[in-house]
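Each reported figure results from applying straightforward, stated rules to the coordinates on display, with no laboratory input. Keep in mind that this is a model prediction, so the values were computed, not measured. Cβ sites come from the backbone with ideal geometry, for glycine too, and all protein chains shown count toward neighbours.
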Amino acid sequence: MKIEKRKIIYALILLPVLSLACSALTRSLSATSTPEPEPTFEPVTTPLLITPEFLPKGQVGVTYEVKMQITQNVTPVGDMMIQDGELPAGLEFVFLDAEDAAQIIGVPKDTGVFEFTVYVWCYGTQVSGQTLEKKYQIVVKE
């Protein structure tokens, strides 16, 4: 019985000592967290380019089709649209998603000079994306 009491006493004494030692050891071995570096964002200074520079002339009653392509974009084009002005009756402006392009297609119904502005924006990556405004005109003859 004396041996059992000694074991219990030793256990009661050793348990807190071992617990303290393990705690101190764990604290000294734990890794200190490395601070995350602050991200730096450089503004995109490359201008968007759109081709063609000028749109071809059209003719009333004849199919008109032209593809407008965006280049030098850092991120994908989010949308292309006519911002000011309008196309001749019979023509449609279609954004070609995932192609960084748009298409003007249809059959013009009226003669004249039609001026409009194409607006393009690109997705941003934690900053605002690139944009472009380009004035165009389509001359439709008889």
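Brief remarks follow.
- Amide H contacts under 5 Å for Leu55, placed H, 5+ residues apart: Gln137
- Residues Leu96 and Phe54, FRET efficiency given R0 of 22 Å [Cβ-Cβ distance, rounded to 0.05]: 0.65
- Convex hull projection area averaged over all views, region 67-142, Cα basis, nm²: 5.0
- From phi via Karplus (6.51, -1.76, 1.60), per-residue ³J(HN,Hα) for region 94-102 in Hz, x at Gly/Pro: 10, 6, 9, 4, 6, 10, 6, 8, 9
- Unit charges at the beta carbon, dipole of region 34-142: most positive-side option, Gly85, Ile138, Thr71: Ile138
- In this rough spin-label picture, where each label sits 7 Å from Cα along the Cβ direction, the Glu65-Glu86 distance is 2.6 nm.
- Amide hydrogen neighbours beyond the local backbone of Met68, cut-off 5 Å, H modeled: Ala102, Gln103, Ile104
- For Ile104, Ile82, order by how many other beta-carbon atoms lie within 10 Å, fewest first: Ile82, Ile104
- With a cut-off of 15 Å on the backbone N, the residues of region 82-117 near the modelled label site 7 Å out from Thr46 along Cα-Cβ are 100.
- Per DSSP, loop chymotrypsin sites (Phe, Trp or Tyr not before Pro) in region 37-142 with at most 12 further Cβ within 10 Å: Phe41, Phe54
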